[in-house]
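Colleague: Before I ask anything, here is the structure I am working with.
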């Protein structure tokens, strides 16, 4: 008996039925290690994970691209999130302030036409990621699983006229645990293209050595918790506090280092 489910059905154009495009590639272990603040460790595999989606937040379309790397915290295997590029400004600042979710503005194109799958992500005029591929059809449905994601919540010390040297709220790890099932899944054969960008420096800081997989995934959202976990060493974290836009890409005074 096949473990493949029929494609989700619903009202035509209903964005709840949109799949997520999930792409994984291999990079250099030292490149991932350089982006992780002390206290968060590289995972078993030097993998970069890109997820392009369209989902209602809370009830209007949000196009987004999520960039994570495999990383562990407190012995738990998970993913450290470098950024959520989204096209809905209203969700950016409250997400950062409340949960430390590293959201920033980004223009996303993502669609499917028959078996063809296309995605394109642009930030500050730079198209830093593009994918074109063809679905090869349904694939086997995996069992339910837990995903662990690590965000960082902190607040720099108030400072006017000089550099901030500490924190009003020191850095803490935010643990996002999500329980998923899979309604449907399709493998996609295609090519991920990364382009130079000072705002989303994937090419420079996480170069692609091998594209590992691409798939369309229709998740079943079973459970989710977002909790404040342990504190990180403030002095050790301070070099990681300057970031680009609202992401966790390393920057200088909120801008790319090479601008």
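All of the numbers you see were taken from the coordinates with simple rules; none came from a lab. Everything numeric here is computed off the predicted structure, so don't read it as measured data. Quick reminder, even Gly has a Cβ in these numbers, built from the backbone with ideal geometry, and neighbours come from all protein chains shown.
Colleague: Hey, quick one: spin label on residue 208, modelled 7 Å out along Cα-Cβ, who in segment 76-92 has an amide N within reach, i.e. under 19 Å?
Modeller: Inside the label zone: 82-85.
Colleague: According to a simple spin-label model (label point 7 Å from Cα along Cα-to-Cβ), what is the distance in nm between residue 187 and residue 45?
Modeller: Computed distance between label sites residue 45 and residue 187 equals 1.4 nm.
Colleague: What does the helix-only formula give at 222 nm for the chain: each DSSP H stretch with n ≥ 4 adding -39500 (n - 2.57), the total divided by the residues, and the result rounded to the nearest 500 deg cm²/dmol?
Modeller: Numbers: 4 runs with 23 residues, N = 259.
That comes out to -2000 deg cm²/dmol.
Colleague: Further, regarding this structure: Simple spin-label model, 7 Å along Cα-to-Cβ: residue 16 to residue 158 in nm?
Modeller: 4.6 nm
Colleague: I've got another one for you. Given a Förster radius of 22 Å and the C-beta distance between residue 229 and residue 168 as r, what FRET efficiency does 1/(1 + (r/R0)^6) yield to the nearest 0.05? Display every interim value, and only then the final one.
Modeller: Numbers: r = 19 Å, r/R0 = 0.88.
E(calc), rounded to 0.05, equals 0.70.
Colleague: With the calculation restricted to Cα positions, what are the radius of gyration and Dmax of segment 15-256 in angstrom?
Modeller: 17.6, 58
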